[in-house]
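The next block holds one structure in the form of structure tokens; read it before the comments.
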Amino acid sequence: FQAGDLEAIDLFYADPMVAAATCIRGMITPAEGHDFICADYSAIEGRVLAWLAGEEDALNVYREGRDPYKVAAAAIYHTTADAVGKSQRQVGKVAELACGYQGGVNAFNRMAENYGVELPESEVKSIVEKWRANRPETVRYWAELERACFAAVSKPGAVYKYRNVKFTVRNGFLAVKLPSGRCLYYANPRIEQKEMSWGGMKAVVSYEGVNSMTRKWVRSYLYGGLLAENITQATARDVLVNGLFQVESHDYPVVLHVHDEAVAEVPETAGSVEEFEKLLCKTPVWAAGLPLKAEGWRGKRYKK
């Protein structure tokens with residue numbers, strides 16, 4: 001574009017702020033004589049959730065380098081992964097991203113909007129049911145996390161565990177100990193009755209915290225899927241931190257990290273993308289058996 005060419009910006013972007021936003025990453029450059037080496041984890045949440053839940057079939061998909069979205073679609077459409085078409089794979093992708101944290105029809109539809117998938121509600125319900133049937137350990141994981149959480153809040157001071165996650169209540173906080181040894185904390189937990197979407201009442205765990213939408217301090221509710229989400233994302237963060245220490249210790253100075261992505265600045269003649277990927281994927285002792293994969297690039301401008 002030529003400077004001041006507002007017509008071109010309007011044609012390609014409609015909103016000048018969108019055009020400006022697309023330029024921000026490229027404005028970040030390394031020092032003279034240096035390159036960026038960047039890599040991000042592939043499907044980190046799916047891998048971590050399957051590992052936490054002990055979902056061996058799903059873990060083997062990652063270990064064998066198969067496409068998890070095609071595998072999910074194959075189970076939904078009763079076919080083989082090799083026979084899955086582009087539109088079916090897209091449905092498999094939405095199912096993988098929407099269902100892992102106990103998401104149902106509404107969660108699927110919200111995710112589907114982002115990927116151009118539109119299906120009748122009856123078909124979406126069937127897809128969710130098939131996904132859950134194909135992930136029995138994940139479904140069990142939701143239920144067992146909720147059970148352990150409820151038990152811990154019901155009996156402060158006692159410790160309840162499922163697989164490699166522990167729950168206990170002390171000093172007014174529900175502490176959830178992650179596999180790494182780090183804890184998540186939920187303030188002022190208590191048991192209370194909550195009216196459910198299906199019309200009945202259920203005893204649930206509530207806690208106080210900041211609402212992510214309103215930014216206000218409110219009382220919210222915990223359930224198996226939300227606990228799975230919090231624990232999975234926190235564990236994925238711990239995996240990233242381990243990776244950051246690994247690359248730093250091998251002369252890859254980290255200058256920034258975004259979500260599941262790490263960026264190092266190195267001299268033009270130093271380092272390699274391949275080594276950087278391998279170091280990021282060096283599994284910590286506490287995460288034995290977790291299959292990690294990272295994909296990277298090298299260049300003069302930060303990019304997505």
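Within the stretch 117-127, is there a residue that is in contact with a Leu (Cβ under 7 Å, 6 or more places away or on another chain) and in a helix (DSSP H, G or I)?
Here is the first cut: in the stretch 117-127, the ones in contact with a Leu (Cβ under 7 Å, 6 or more places away or on another chain) are none.
Within the stretch 117-127 (the criterion being in contact with a Leu (Cβ under 7 Å, 6 or more places away or on another chain) and in a helix (DSSP H, G or I)), the answer is no, since none of the residues qualifies.
Among the listed residues Y141, Y115, Y185, which satisfies the condition of being in contact (Cβ under 8 Å) with a residue 12 or more places away in the chain and closer than 26 Å to G289 by Cβ?
Answer to the check: Y141.
Which residues, counting only those in the stretch 231-241, are open to solvent by less than 80 Å² (accessible area, probe 1.4 Å), out of contact with any strand residue (DSSP E or B) (no Cβ under 8 Å at 6 or more places or on another chain) and without any contact (Cβ under 8 Å) to a residue 60 or more places away in the chain?
Selection gives V241 alone.
Going through A148, A152, A143, A158 one at a time, which residue ends up being at pLDDT 95 or above and open to solvent by 40 Å² or more (accessible area, probe 1.4 Å)? If you could, list the steps in order and put the result at the bottom.
Details: A148 fails: open to solvent by 40 Å² or more (accessible area, probe 1.4 Å); A152 fails: open to solvent by 40 Å² or more (accessible area, probe 1.4 Å); A158 fails: open to solvent by 40 Å² or more (accessible area, probe 1.4 Å).
Of the residues listed, the single one that is at pLDDT 95 or above and open to solvent by 40 Å² or more (accessible area, probe 1.4 Å) is A143.
Condition test on A228, is it open to solvent by less than 20 Å² (accessible area, probe 1.4 Å) and either closer than 30 Å to M196 by Cβ or more than 18 Å from the chain's Cα centre (by Cα) (or both)?
Numbers: open to solvent by less than 20 Å² (accessible area, probe 1.4 Å): yes; either closer than 30 Å to M196 by Cβ or more than 18 Å from the chain's Cα centre (by Cα) (or both): yes.
Judged against the criteria, A228 is a match.
Name every residue in the stretch 181-225 that is open to solvent by less than 60 Å² (accessible area, probe 1.4 Å), among the hydrophobic types (A, V, I, L, M, F, W, C) and either within 30 Å of A287 (Cα to Cα) or outside any strand (DSSP E or B) (or both), in order of residue number.
Scanning the stretch 181-225 gives C183, L184, A187, M196, V205, L222.
In the stretch 21-48, what residues are part of a helix (DSSP H, G or I), more than 27 Å from V165 (Cα to Cα) and open to solvent by less than 50 Å² (accessible area, probe 1.4 Å)? If you could, list the steps in order and put the result at the bottom.
So the first thing to find is which residues in the stretch 21-48 are part of a helix (DSSP H, G or I), and the list is 21-27, 44-48.
Right, trim to more than 27 Å from V165 (Cα to Cα) and you get 21-27.
G26 - this is the single residue of the stretch 21-48 that is part of a helix (DSSP H, G or I), more than 27 Å from V165 (Cα to Cα) and open to solvent by less than 50 Å² (accessible area, probe 1.4 Å).
Considering only the stretch 49-74, how many residues are part of a helix (DSSP H, G or I), open to solvent by 30 Å² or more (accessible area, probe 1.4 Å) and touching a helix residue (DSSP H, G or I) at 6+ places or on another chain (Cβ under 7 Å)? Give the derivation first.
Pass one, the stretch 49-74, residues part of a helix (DSSP H, G or I): 49-53, 56-63, 68-74.
Keeping just the survivors that are open to solvent by 30 Å² or more (accessible area, probe 1.4 Å) gives 56-57, 60, 63, 69-71.
Next, only the ones that are touching a helix residue (DSSP H, G or I) at 6+ places or on another chain (Cβ under 7 Å) stay: 69-71.
Of the residues in the stretch 49-74, 3 are part of a helix (DSSP H, G or I), open to solvent by 30 Å² or more (accessible area, probe 1.4 Å) and touching a helix residue (DSSP H, G or I) at 6+ places or on another chain (Cβ under 7 Å).
Would you mind stating whether T168 is surrounded by 19 or more Cβ atoms within 10 Å (Cβ to Cβ), part of a strand (DSSP E or B) and hydroxyl-bearing (S, T, Y)?
Numbers: surrounded by 19 or more Cβ atoms within 10 Å (Cβ to Cβ): yes; part of a strand (DSSP E or B): yes; hydroxyl-bearing (S, T, Y): yes.
Yes, satisfied.
Among (1) surrounded by 16 or more Cβ atoms within 10 Å (Cβ to Cβ); (2) charged (D, E, K, R); (3) under 26 Å from R237 (Cβ atoms), where does K130 come up short?
Going through the list (1) surrounded by 16 or more Cβ atoms within 10 Å (Cβ to Cβ); (2) charged (D, E, K, R); (3) under 26 Å from R237 (Cβ atoms), K130 breaks only (3).
Just give me the residues in the stretch 261-291 being open to solvent by less than 40 Å² (accessible area, probe 1.4 Å), within 22 Å of P68 (Cβ to Cβ) and either assigned to a loop (DSSP other than H, G, I, E, B) or not hydrophobic (A, V, I, L, M, F, W, C) (or both), in sequence order.
Answer for the stretch 261-291, where residues must be open to solvent by less than 40 Å² (accessible area, probe 1.4 Å), within 22 Å of P68 (Cβ to Cβ) and either assigned to a loop (DSSP other than H, G, I, E, B) or not hydrophobic (A, V, I, L, M, F, W, C) (or both): E261, C281, L290, P291.
The values are calculated or read from the model by the stated rules, or taken from the named source; none is laboratory data. Given the structure is predicted, the values throughout are model-derived calculations rather than measurements. Virtual Cβ from ideal backbone geometry, glycine too; neighbours counted across all protein chains shown. In case anyone asks, the SASA skips ligands and DNA or RNA and just uses the protein heavy atoms, side chains included. Shrake-Rupley method; radii C 1.70, N 1.55, O 1.52, S 1.80 Å.
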